[in-house]
1. Do you know which of the residues in segment A:441-452 that are farther than 20 Å from A:P463 by Cα and either in contact with a helix residue (DSSP H, G or I) (Cβ under 7 Å, 6 or more places away or on another chain) or not in a loop (DSSP other than H, G, I, E, B) (or both) is nearest to RNA strand B (Cβ to nearest atom)?
2. Output yes when any residue across segment A:128-135 is assigned to a helix (DSSP H, G or I) and in contact with a helix residue (DSSP H, G or I) (Cβ under 9 Å, 6 or more places away or on another chain), and no when none is.
3. Could you grab me the full set of residues in segment A:313-328 that are hydroxyl-bearing (S, T, Y) and under 19 Å from A:G284 (Cα atoms)?
4. What tally of residues in segment A:480-495 results from selecting those that are out of contact with any Gly (no Cβ under 9 Å at 6 or more places or on another chain) and either in a helix (DSSP H, G or I) or surrounded by fewer than 18 Cβ atoms within 10 Å (Cβ to Cβ) (or both)?
5. Taking the condition of being surrounded by 16 or more Cβ atoms within 10 Å (Cβ to Cβ) and either assigned to a loop (DSSP other than H, G, I, E, B) or polar (S, T, N, Q) (or both), how many residues in segment A:583-604 meet it?
6. Hand me the list of strands (runs of 3 or more DSSP E) wholly inside segment A:161-217 holding 3 or more residues that are away from RNA strand B (no atom under 16 Å from the Cβ), within 30 Å of A:R579 (Cα to Cα) and in contact with a Leu (Cβ under 8 Å, 6 or more places away or on another chain).
7. Name the pairs: first residue in segment A:225-254 and within 17 Å of A:E580 (Cα to Cα), second residue in a strand (DSSP E or B) and within 13 Å of RNA strand B (Cβ to nearest atom), Cβ to Cβ under 7 Å, at least 6 apart or on different chains?
8. Has segment A:666-673 got at least one residue that is within 9 Å of RNA strand B (Cβ to nearest atom) and part of a helix (DSSP H, G or I)?
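The values are calculated or read from the model by the stated rules, or taken from the named source; none is laboratory data. Everything quoted here is computed from the prediction, not taken from an experiment. All Cβ positions, glycine included, derive from the backbone under ideal geometry; neighbour counts span all protein chains shown.
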Amino acid sequence: MNETHEAPEAQDTDQAATYDVGAVETKWQRVWEDLQPFRADDDSPREKRYALTMFPYPSGDLHMGHAEVFALHDVVARYWWQRGYEVLNPMGFDSFGLPAENAAIRNDEHPDTYTRANIAKSIESCKKYAASFDWSRTFNTSDPTYYRWTQWLFLEFFKRGLAYRKNSPVNWCPVDQTVLANEQVVGGVCDRCGAEVTKKELTQWYFKITDYAQELLDGLDELEKTWPARVVTAQRNWIGRSEGAHVDFTIEGRDEPVTVYTTRPDTLFGATFMVVAADAALAGDLVTDEQREALEDYLLEVRKETEINRLSTDRPKTGVFLGVHATNPLTGTHIPVYAADYVLADYGTGAIMAVPGQDQRDWEFAQVFDLPVIRTVQPPADFDGDAFTGDGPAINSANDEIDLSGMGVAKAKSTTIAYLERQGLGRRTVNFRLRDWLLSRQRYWGAPIPIIHCSSCGEVPVPEDQLPVTLPMLRGADLKPKGTSPLGGAEEWVNVDCPTCGGPATRDTDTMDTFVDSSWYMFRYCSPHDDTQAFDSAKVDEWMPSNLYVGGVEHAVLHLLYGRFFTKVLNDMGLVHFREPWSAQLNQGFVINQGKKMSKSLGNGVDLGDQLGAFGVDAVRLTLVFAGPPEDDIDWANMSPDGSLRFLQRAWRLSGDVTSTPGADVSAGDPALRRTTARTVHDAGGLVEAYRFNVMVARVMELVNATRKAIDSGCGPADPAVREAVEAVAILLSLVAPYVAEEMWEKLGHEPTVARVGWPVVDEALLVEDSVTAVVQIQGKVRARLEVSPDITEADLEAAALGDEAVVRALDGKPVRKVIVKAPKLVNIVVEA
RNA sequence: GCCGGGUUGGCGGAAUGGCAGACGCGAUGGUCUCAAACACCAUUGUCCGAGAGGGCGUGUGGGUUCGAAUCCCACACCCGGCACCA
């Protein structure tokens, strides 16, 4: 039974014949290796398309998640090839990162050993999985030929003032022993290892992504049309634009005013105290000598709090009086200045005007410290809360020069800002939640930061002709995290001559966040082997922006924001000629099992290799594509890969039944089957373009069913319409199930590869039905169906409907009030109720 | 709290103003077989009915419309993002 492909005559009559999945996979993998059907040609005259999928971290072999994303992505890439585009569909590896480093410590080896082994395994699995990647363009970010250019880009950013060092409290992961970017702290814990993140004062490198905050936000308006809503929303929330004002407060005994940021300048009359972030330098500047000790005690308390506790909003308010007073610029009142941890040092100016009447947090603080509350917005009569944050008429808001009384919040805001600007006391301001991107990491397996620190010259860039700064050879225990970078231990590597003055100097010992590596990899694929530049701008112009980016939604505010930022900088540098790298995006869901995320601790993991062994590559791919809309999660427990395999066997069996010869004239073939084929091919294209792959598969299943019926009880296997239908099935299936499609194509008497034969040509005339079913409704309920000509007139259709026996019976003599006719599909008869 | 997405048979899902449940899974009955597997055929939202046929039905309640799963309003629940961000 398993050798059917070697005895075709025997099975042609056997309805239960099956093909040997394993043998077919081995056979075609070899053929494709020879043919290389998916090499992207830079010089092709065809229109170009760039299908990109997020490159994986090589943590081991491929798993179910990769299987899903590659299957979905491949439908589009293969579809584009069939439609005649030149398709760039590259794959590489994001190979710097912690797991390799941890494995190296465990196994007393170099991280590269682990990395290379996993990459080799993954490539082999991708090939078996029949993903249509162009392997001639592959690269790894941990290769010096790649990270040389990562370093070059860092230096370009540095030269433009977009990479800088500052001392600041940073997120510290006590387990991974490294700092983390804001984006990598989720709910107060490290998004990699789950440890509670603490704060640490360190001098670190940052990218000035905040310079691009407004543009990163504005760009989303256009991307919204082609990107998933959840990603656009997540980025908008993350950038967090707010509009308000800076207001200057004079401080007793100090020349410099303190500027606060507020979104509610209309409430300035109600500002009864001021709060400065306890950990901001400003707090230390303002505090009086009498209060200095109290502030320092308070700071110690604050630093003990974990990030998780600090984020909790129901925590009682704490703070300490700084011993100084500020002057409310509108009321002239002297208001006390406090330090508290509910004000953040790195948002706004690190200082706020507190308006307890209109802000719940300020209200709570005022209760604890017994501070006065002045309402400046009249709450509704039935209001029984604390602070009133809603809209309403201004009260208690007038002095000799300005009177807001009765104004709504919006009017009161603009009036106050105008006044402050006239008086030089403040100005309209836009503020962002987005912080600069902290890129230093105190770990080994990353791209070294190409800076040399010289006591007389400062931060000196490594000269371009000395790039790459390669990693010193460290292994095993040398890599153990000890709170400072392992690179610091390689003394010969660290100590160098200053490139500027020649004096003794040291290399920067931190490495870059691996998200730097992945922020520009999409450009590198356009000229992956160019050793003279990061990428060839002319080739990038040919291929980019990428037409589709498929990947996980977990990167909504990390990689996807960083990559957009890099593109904008590269555009400002004149290296690329667009400002968004990814025109369209598709996020696949997760593959889960029994309602839960797969995990080792739950023991509910599904091994991809086991599934491929049991059902074959095609059936697993088909199952993942057919499961539902691509962005939905797939619960593998609800799936039936054996059902998918049954369908593929059924489809394959058709190819053995066809008896007409290749190239037979189809024009005289069975018209009904020809119409079904034409309609299916026509609709399938639109469905793929709308990412509705599951429905596309359903339509192919219907075509297979119709063809089976035609062979067994219709026009018979010799009708050329049957050949036309089965050839269409093979081509459509080549997007999802490449092995069986190839096998069918061969059985139909053609040369490989079906993957590049082109989309089936549809005779437009066949898309016009010769009769349609018109539905007759009475009061919106279906009472009869009529077979009518598609070009029937409305009058004829109405007459036919009203004359129909079933309709007459259902009307039961009731008077007809109105008849709605939508020829040729529908008639709705409205009768007296 | 603010922002976004969702809720359709036993299950995954189709239908985006016009036949609710395409396609598939599962289930039940049958054909083939010594038997099973495979394959094939039939049935499969629910209620009433022998049947023909009919009633009800897309989270809940209202509305718009000749006609609503689809559009509008309110509510409930689920998922995701942001959150002591002033």
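1. So in segment A:441-452, the residues farther than 20 Å from A:P463 by Cα come out as A:441-445.
Remaining after also requiring either in contact with a helix residue (DSSP H, G or I) (Cβ under 7 Å, 6 or more places away or on another chain) or not in a loop (DSSP other than H, G, I, E, B) (or both): A:441, A:443-445.
Numbers: A:R441: 20, A:R443: 23, A:Y444: 28, A:W445: 26 Å.
Only one residue fits best here, namely A:R441.
2. Taking segment A:128-135 as the starting set, the residues that turn out to be assigned to a helix (DSSP H, G or I) are A:128, A:135.
Then drop every residue that is not in contact with a helix residue (DSSP H, G or I) (Cβ under 9 Å, 6 or more places away or on another chain), which leaves A:128, A:135.
Yes, segment A:128-135 contains at least one residue that is assigned to a helix (DSSP H, G or I) and in contact with a helix residue (DSSP H, G or I) (Cβ under 9 Å, 6 or more places away or on another chain).
3. As a first pass, look at segment A:313-328 and keep what is hydroxyl-bearing (S, T, Y): A:313, A:318, A:327.
Within segment A:313-328, A:T318 is the sole residue that qualifies.
4. Start the filter on segment A:480-495 by keeping residues that are out of contact with any Gly (no Cβ under 9 Å at 6 or more places or on another chain), which leaves A:480-481, A:483-493, A:495.
Retained after the next criterion (residues that are either in a helix (DSSP H, G or I) or surrounded by fewer than 18 Cβ atoms within 10 Å (Cβ to Cβ) (or both)): A:480, A:483-484, A:486-489, A:491-493, A:495.
The total comes to 11.
5. So the first thing to find is which residues in segment A:583-604 are surrounded by 16 or more Cβ atoms within 10 Å (Cβ to Cβ), and the list is A:583-593, A:598, A:604.
If we keep only those that are either assigned to a loop (DSSP other than H, G, I, E, B) or polar (S, T, N, Q) (or both) as well, we get A:583-585, A:587-590, A:593, A:598, A:604.
Qualifying residue count for the region: 10.
6. The qualifying strands (runs of 3 or more DSSP E) are A:198-207.
7. A:P228/A:N587; A:V231/A:N587; A:I239/A:F432
8. Restricting attention to segment A:666-673, the residues satisfying the condition of being within 9 Å of RNA strand B (Cβ to nearest atom) are none.
For segment A:666-673, residues within 9 Å of RNA strand B (Cβ to nearest atom) and part of a helix (DSSP H, G or I): absent.
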